[in-house]
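Novice: The following block contains the structure, expressed as structure tokens.
The values are calculated or read from the model by the stated rules, or taken from the named source; none is laboratory data. As the structure is a computational prediction, the values presented were derived from the model and not from experiment. Glycine also receives a Cβ, built like all others from the backbone with ideal geometry; neighbour counts cover every protein chain displayed. In case anyone asks, the SASA skips ligands and DNA or RNA and just uses the protein heavy atoms, side chains included. Shrake-Rupley method; radii C 1.70, N 1.55, O 1.52, S 1.80 Å.
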Amino acid sequence: MGRLAPLSEEPINAEDDNTSSSKKGRGQTWRNWIKTHFSLVFNKKSDLKILLSVLGCPLFPVPLHPKQPLNEVSSSAQYIIQHFAAATGCRKLEGTVKNIFATGKVTMAMVDDLGSAGSAAGATGVSQKGCFVMWQMVPNNWLIELVVGSHKVVAGSDGTVAWRHTPWLDAHAAKGGVRPLRRAFQGLDPMAISAVFSLAQYMGEKRISGIDCFVLKLSADQTDLAERSDSTAEMIKHVVFGYFSQRSGLLVHLEDSYLTRIQSPGTHPTYWETTMSTRIDDYRMVEGVMVSHAGQSSVIITRFGDNLKPPGPAITRMEETWTIDDLAFNVPGLSIDCFIPPTDVQKDFPEEDLVWGSPSD
């Protein structure tokens, strides 16, 4: 069987609704995506699918255990993460947490101009409300079910394959290896935040949302980027910045961006830059650990290139507010069987393709 189409973290085209289920599950390729992708992002009728494709289940830019020589780790970064670990109390749970369960609510909207914090000012479409349930099992197993409006999106990882299922594309797997779910890094999983950012690069200080912060940076390495590219779409960069409060030590802001170069034979290249910025709020104690219970994410997708009509960059903006209703560690009864991918994901991935080696995507 052929390899499944790559998981795109950008919007998926609505025209695929009219194709047969077999074409949706197996025939969607980067080339088909390119032909139809541009019209969807700027088609207001497709707002909900765009929101779910971009904001629903994005992956973190780097794997849970990023590859970085210890001699490149700064003492400043180590100090910041030690401060974060002390502030959240997550060290006391290291080695004892086997799984995490969380439920929450989301509100998504397209926006003309990003409104003030916590608002959907400037929304051009109807705000879409929904909810989600998320399970994680150490180290790389996770599953999320998200229902917004009339659509349900499910995504997961069994530690080897990361996949996503949408009503318009069925189940499809990620290019490259496995990365964690970004939503877990929005203050929900202090242990993972501590582990990943302990190897980050210290970038200095910055005041954001009125809070003086230390800034740490992580970047996907060239091997990871190459695995997520093909002859038509090249992933040029994917970086993430974590902003840690100098006063409280907590992670209060998360920003990541990726740049993709897309070019079909005989055409001019087009560039897509997607930036997701998340404010992380409302830390509360859960079983002795400080966990964020609310926040807001804003996304800006910029498309630019020499052949755009009308000339100049085209920009799409969207926004999500989220709250956490319940969170628990070590839920009884959660087993590895809960993270088995859908049958069509397993069937369309030959055994040799499952062995990706390094924990990258």
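Novice: Which of the residues belonging to the stretch 238-257 are out of contact with any helix residue (DSSP H, G or I) (no Cβ under 9 Å at 6 or more places or on another chain) and of a type outside the set (A, V, I, L, M, F, W, C)?
Specialist: Across the stretch 238-257, the qualifying residues are TYR243, ARG247, HIS253, GLU255, SER257.
Novice: Sort through SER157, SER194 and tell me the only one that's touching a Phe, Trp or Tyr at 6+ places or on another chain (Cβ under 9 Å), buried (at least 24 other Cβ atoms within 10 Å of the Cβ) and among the hydroxyl-bearing types (Ser, Thr, Tyr).
Specialist: When all the criteria are applied, what remains is SER157.
Novice: Here's a follow-up. Hey, can you tell me all the residues within the stretch 207-250 that are closer than 21 Å to THR275 by Cβ and among the basic types (Lys, Arg)?
Specialist: Listed by number, the residues that qualify are ARG207, LYS217, ARG228, LYS237.
Novice: Here's a follow-up. What do you reckon, is VAL126 modelled with pLDDT under 85, of a type in the set (Val, Ile, Thr) and at negative phi?
Specialist: yes
Novice: Condition first: closer than 28 Å to VAL111 by Cα and without any contact (Cβ under 8 Å) to a residue 40 or more places away in the chain. Can you find one or more residues in the stretch 247-254 that meet it?
Specialist: Scanning the stretch 247-254 turns up no residue that is closer than 28 Å to VAL111 by Cα and without any contact (Cβ under 8 Å) to a residue 40 or more places away in the chain.
Novice: Can you tell me which residue among SER229, SER264, SER298, SER292 is among the polar types (S, T, N, Q), open to solvent by less than 10 Å² (accessible area, probe 1.4 Å) and not in a helix (DSSP H, G or I)?
Specialist: SER292
One line per residue, one yes/no per condition, for (1) open to solvent by 50 Å² or more (accessible area, probe 1.4 Å); (2) out of contact with any Pro (no Cβ under 8 Å at 6 or more places or on another chain); (3) modelled with pLDDT of 95 or more:
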site	(1), (2), (3)
THR223	yes, yes, no
VAL240	no, no, yes
THR270	no, yes, no
TYR283	no, yes, yes
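Novice: Among TRP168, TRP163, which is at pLDDT below 95 and either out of contact with any Lys or Arg (no Cβ under 8 Å at 6 or more places or on another chain) or open to solvent by 10 Å² or more (accessible area, probe 1.4 Å) (or both)?
Specialist: TRP163
Novice: Turning to a different aspect of this structure: Within the stretch 90-111, track down each residue that is surrounded by fewer than 19 Cβ atoms within 10 Å (Cβ to Cβ) and within 20 Å of the chain's Cα centre (by Cα).
Specialist: Result: PHE101, THR103, LYS105, THR107.
Novice: Would you check which residues across the stretch 134-154 are open to solvent by 40 Å² or more (accessible area, probe 1.4 Å), under 17 Å from the mean Cα position of the chain (by Cα) and β-branched (Val, Ile, Thr) and list them?
Specialist: VAL147, the sole residue that qualifies.
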